[in-house]
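Read the structure below first, then the notes.
The values are calculated or read from the model by the stated rules, or taken from the named source; none is laboratory data. It should be emphasised that the depicted structure is a prediction, and the values quoted were computed from it without experimental measurement. Neighbour counts are summed over all protein chains in view; Cβ atoms, including those assigned to glycine, are modelled from backbone coordinates with ideal geometry.
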Amino acid sequence: MKSLLTTFAALALAATTLSAETIGDDGLHKTPWMRDTFKDLREDLAEANAEGKRLVLFFEQRGCIYCTKMHKEVFSRENVSDYIGENYFVVQLNLHGNIEVTDFDGDVLDERDMARKWGILFTPTIMFMPEEVKEGLTAPQAAVAVMPGAFGAGTTLDMFTWVQEKRYLLDNDEDFQRYHARRIQERNNGKTD
């Protein structure tokens, strides 16, 4: 019995330690594909392009139950995590943080003031950037898509795929909602992952 209790205690400690390792000093969830940068978006975009990846900005906040949901139920899925890691350069921003961020238009504000400037009200908010940003534009003006809130794995993966495939540029009737509906139908028919 003592051996069983010792084993259980060790497993519980390991689970707690593993869980704690995914939370940074700022109280935000961390993933291997999130980048620690100087948060100069012009530099981040150049680095993303050099790696052949798309820049994406993640706004989160300490204690956000929806951020936790996304990290535990969506980003923990291997197919979602692998797709993001392979295709995206992810910069995490703290809705209430005080780290300086340099916007594409050259404005330098701390994270919380940048969130106000950009009109970010909810977390998580995921902002997808193009490969090139015209001079003078802010991040939200340049964004090709914004995903405000927590969504399931299928919706999240479809959004990341839709952006990566540049479907927002296609001159057809398949906007994201129609694309997502088609992908759901394909998944239900067993034609895709």
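Per-structure values
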item: Given (1) surrounded by fewer than 18 Cβ atoms within 10 Å (Cβ to Cβ); (2) within 15 Å of the chain's Cα centre (by Cα); (3) within 15 Å of L45 (Cα to Cα), number of the condition D105 does not satisfy; result: (2)
item: Candidate set from the range 166-181 (those that are free of Cβ contacts under 8 Å to residues at least 24 places away in the same chain and under 26 Å from K72 (Cα atoms)); member that is surrounded by the fewest Cβ atoms within 10 Å (Cβ to Cβ); result: Q177
item: Test: residue in the range 93-103 that is part of a loop (DSSP other than H, G, I, E, B) and of a type in the set (S, T, N, Q); result: yes
item: Residues (under 13 Å from P140 (Cα atoms) and of a type in the set (G, A, S)) located in the range 95-116; result: A115
item: Only one of L109, L45, L55, L41 that is under 22 Å from E132 (Cα atoms) and without any contact (Cβ under 8 Å) to a residue 24 or more places away in the chain; result: L109
item: Residue under evaluation E60, criteria (1) within 18 Å of P32 (Cβ to Cβ); (2) more than 14 Å from the chain's Cα centre (by Cα); (3) surrounded by 17 or more Cβ atoms within 10 Å (Cβ to Cβ), criterion not met; result: (2)
item: Only one of A115, A139 that is closer than 17 Å to L28 by Cα and crowded, with 22+ Cβ neighbours inside 10 Å; result: A115
item: Tabulated pairs, the range 77-94, first within 22 Å of E43 (Cβ to Cβ), second modelled with pLDDT of 95 or more and among the small types (G, A, S), C-beta under 6 angstrom, 6+ apart or interchain; result: F89/A48
